[in-house]
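Undergrad: Below you will find the structure I want to go over with you.
The values are calculated or read from the model by the stated rules, or taken from the named source; none is laboratory data. None of these values were measured; they are calculated from a predicted model. So basically every Cβ, Gly included, is an ideal-geometry build from the backbone, and we count neighbours across all protein chains shown. Protein only, heavy atoms only, side chains kept; ligands, DNA and RNA dropped before computing areas. Shrake-Rupley method; radii C 1.70, N 1.55, O 1.52, S 1.80 Å.
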Amino acid sequence: MKLKKIAILLLLTAIIVSCKNKKEESKETETPITETTTPETVMRDTVAIIENLQGKWKEAEYPYRTAEFKGAEVKFVEEGVVEPPKFEAYQIATTCPARQESANKIAPELVYFYLPENKLCQKISVADGKLTLSGTTQDYRIVYERVKE
């Protein structure tokens, strides 16, 4: 059942993103992880990303989709979902545990957002008050803005 929800969510996201007008994308200042990065630097970057994620986020172009991060758990909320949303564990990693190792070596500079319960990986970047989640195999991109409390 959860797999169906994830598939529907991804399908709806792809449809919404493909229907939107292409806006000129601003270049965000990010510090990508490169092949020369040491394991210690990767760990610090991962910890920094998790710290930066804490709190509430709202999708920039669709305000009924939100994400809330508390520690190592996240809750995604959007309209039209049958079951009430709940917090679930997530991980930040430089490889996607759900993909084959050879596929991970193609782009070692990427950082992944991983939901172990659903085995779902997304590329992630957090910069300038924006959280961007995008597909690893499908071309979609969801941009959230931090909610000021």
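Undergrad: Give me the pairs: first residue in the range 129-149 and open to solvent by less than 80 Å² (accessible area, probe 1.4 Å), second residue among the small types (Gly, Ala, Ser) and assigned to a strand (DSSP E or B), beta-carbon distance under 6 Å, and six or more apart or on different chains, which are they?
TA: As it stands, the answer is THR132/SER125; TYR144/ALA67, since those pairs meet every condition given.
Undergrad: Among the residues in the range 1-20, are any within 15 Å of the chain's Cα centre (by Cα), of a type in the set (Ser, Thr, Tyr) and modelled with pLDDT under 95?
TA: Yes, the range 1-20 contains a residue that is within 15 Å of the chain's Cα centre (by Cα), of a type in the set (Ser, Thr, Tyr) and modelled with pLDDT under 95.
Undergrad: For VAL42, state whether it is at pLDDT below 95 and open to solvent by less than 60 Å² (accessible area, probe 1.4 Å).
TA: yes
Undergrad: Looking at the structure I just gave you, is THR37 out of contact with any Gly (no Cβ under 9 Å at 6 or more places or on another chain), modelled with pLDDT under 50 and open to solvent by less than 50 Å² (accessible area, probe 1.4 Å)?
TA: The answer is yes for THR37.
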